[in-house]
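I have placed the structure first, in the form of structure tokens, so that the comments after it can refer back to it.
Every number here is computed from the coordinates shown, using simple stated rules; none is lab data. On a predicted model such as this, the values are computed, not experimentally measured, just so you know. Note: ideal-geometry Cβ built from the backbone for every residue, glycine included; neighbour counts use all protein chains shown.
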Ligand code: PNS
């Protein structure tokens, strides 16, 4: 039987505890999980893609069946090239649902790629990378929202400008 493989795609600018909750749970459901960072040439992030991938590598080092990659273009093309039939996404709230459903239907219509939604741990239902960045920028406490390596990196980034 071939390995069950899935992809967790996203911007991960930077990775949060919410992302890691979903990646960890996906790693227990699938034989192999690829975390794929979107290379978005139209949107400047706080971290460049290689920095995002380094933070992901560090924070998923305890998950042997998880690898980190990046992609540009359509997610379904990446899925086809890498033999990844399933996308795993977290749903935080009803507000995520409309757009996530549209993307899932588009990806299925374009290439038959399936999307599995995991309900976000309620501890993280309010959490997003952009809110974390806002709070960190003004010195708020993000220690329960991101792993220590990310908290340290954000503090350094905002301290050094
Ligand atoms: O972390 P994000 O920004 O919510 O992730 C969104 C992501 C990367 C999953 C989505 O923007 C995506 O798949 N982009 C790749 C381009 C693509 O395939 N677009 C059509 C989606 S239907």
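GNM on the chain, alpha-carbon springs under 10 angstrom: the most fluctuating residue among 23, 94, 146 is 94. Estimated from helical segments only, the mean residue ellipticity of the chain at 222 nm is -13500 deg cm²/dmol, where each DSSP H run of four or more residues counts as -39500 (n - 2.57).
Distance from a point 7 Å along Cα→Cβ of residue 62 to each backbone N in segment 27-49: keep the residues under 16 Å and list them by number. Hits in segment 27-49 for residue 62 at 16 Å: 27-28.
In plain terms, the chain from residue 134 to residue 82 could stretch by 15.2 nm, reckoned as 0.36 nm per residue minus the Cα-Cα distance. Here the gap between residue 106 and residue 159, fully extended at 0.36 nm per residue and compared with their Cα-Cα distance, gives a gain of 14.9 nm.
Ranked by the mean number of other Cβ atoms within 10 Å of their residues, highest first, the peptides 100-111, 122-133, 9-20 fall in the order 9-20, 122-133, 100-111.
Treating each Cα of segment 7-72 as an identical point scatterer and summing with the Debye formula, the log10 of I(q)/I(0) at q = 0.13, 0.14, 0.27 Å⁻¹ comes to -0.31, -0.35, -1.23.
Counting neighbouring Cβ atoms within 10 Å and putting the fewest first, the residues 38, 145 line up as 38, 145. Computed on segment 81-143, the Cα convex hull volume stands at 121 Å³ per residue.
Overall size of segment 5-126 from C-alpha positions, given as principal axis extents largest first: 35, 32, 31 Å.
Using only Cα atoms, locate the centre of segment 22-52 and the centre of segment 79-130, then give the distance between them in Å, rounded to an integer. A separation of 13 Å, based on Cα centres.
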